[in-house]
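First comes the structure, then the notes that go with it.
The values are calculated or read from the model by the stated rules, or taken from the named source; none is laboratory data. What you are looking at is a predicted structure, and each value in this text was computed from that prediction instead of being measured. Please note: Cβ atoms are built from the backbone with ideal geometry, for glycine as well, and neighbour counts cover all protein chains shown. Side chains included, ligands, DNA and RNA excluded: accessible areas come from the protein's heavy atoms. Shrake-Rupley method; radii C 1.70, N 1.55, O 1.52, S 1.80 Å.
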Amino acid sequence: MAPVPGSGLAKGLAVTLRTMTRKTVTEQYPDAQPELPPRTRGVIGLFEENCTVCMLCARECPDWCIYIDSHKETVPAATPGGRYRSRNVLDRFAIDFALCMYCGICIEVCPFDALFWSPEFEYAETDIRDLTHERDKLREWMWTVPAPPALDPGAEEPKELAAARKAADKLAAQQQQQQQQQQQRTDRPGQEDPS
């Protein structure tokens, strides 16, 4: 059966009329803060203590908007006669949010969990040069990072935890075995220890 001419127009007008009769749901933004999804990408927070200045984030950034400066320090030996070690010390960590395209590659490639997404999005500036946030500002954003969501109860345990638990169980079994052997030695005082 052929459609009646003008039926599409009538359907469109019906949708428009239905929408016009409903109450509007406008959020009054500055007065009422919006409900953001849990994985909102706002700004990037820096957990400076985890940063080893490996430069992976700056090398992988497609926009080259991450600026890192560092210097090497010599660390004295931990034991007498040991050798001195050198380590990188972070001098500057800055992200230019005027260039950033919020792809998240820097966060994904960071092997030490030093970068995190913060849901904060209110950082507009009147001057574009103020959109380069130095490490002090990035550290402030870190405190707004939400806690990670809980794991699914039916999910498989992470491999790192499983390996650590296996090593801890093995160590506990060895210690228990040594305690049992020690107890057996003390129970038989007349016999000498063969070792």
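Any residue in the range 63-80 that is open to solvent by less than 60 Å² (accessible area, probe 1.4 Å), free of Cβ contacts under 8 Å to residues at least 12 places away in the same chain and under 30 Å from Leu131 (Cβ atoms)?
no
Search the range 33-47 for residues being of a type in the set (D, E, K, R) and within 24 Å of Ala98 (Cβ to Cβ), and hand back the single one that is modelled with the highest pLDDT.
Restricting to residues being of a type in the set (D, E, K, R) and within 24 Å of Ala98 (Cβ to Cβ), the top hit is Arg41.
Every residue in the range 56-94 that is among the aliphatic types (A, V, I, L, M) and either at pLDDT 95 or above or touching a helix residue (DSSP H, G or I) at 6+ places or on another chain (Cβ under 7 Å) (or both), please.
Once the filter is applied, which keeps residues that are among the aliphatic types (A, V, I, L, M) and either at pLDDT 95 or above or touching a helix residue (DSSP H, G or I) at 6+ places or on another chain (Cβ under 7 Å) (or both), the range 56-94 yields Leu56, Ala58, Ile66, Ile68, Leu90, Ala94.
Conditions (1) surrounded by 13 or more Cβ atoms within 10 Å (Cβ to Cβ); (2) touching a residue at least 60 places away in the same chain (Cβ under 8 Å), marked per residue:
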site: Pro3; (1), (2): no, no
site: Val25; (1), (2): no, no
site: Pro37; (1), (2): no, no
site: Thr40; (1), (2): yes, yes
site: Leu46; (1), (2): yes, yes
site: Cys51; (1), (2): yes, yes
site: Cys54; (1), (2): yes, no
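Cβ-Cβ under 9 Å, sequence separation 6+ or interchain: first residue in the range 100-126 and in contact (Cβ under 8 Å) with a residue 12 or more places away in the chain and surrounded by fewer than 12 Cβ atoms within 10 Å (Cβ to Cβ), partner of a type in the set (S, T, N, Q) and outside any loop (DSSP other than H, G, I, E, B). Which pairs?
Asp113/Asn50
How many residues does the range 140-158 hold that are open to solvent by less than 80 Å² (accessible area, probe 1.4 Å) and either in contact (Cβ under 8 Å) with a residue 24 or more places away in the chain or of a type in the set (Ser, Thr, Tyr) (or both)?
Residues meeting the conditions: 5.
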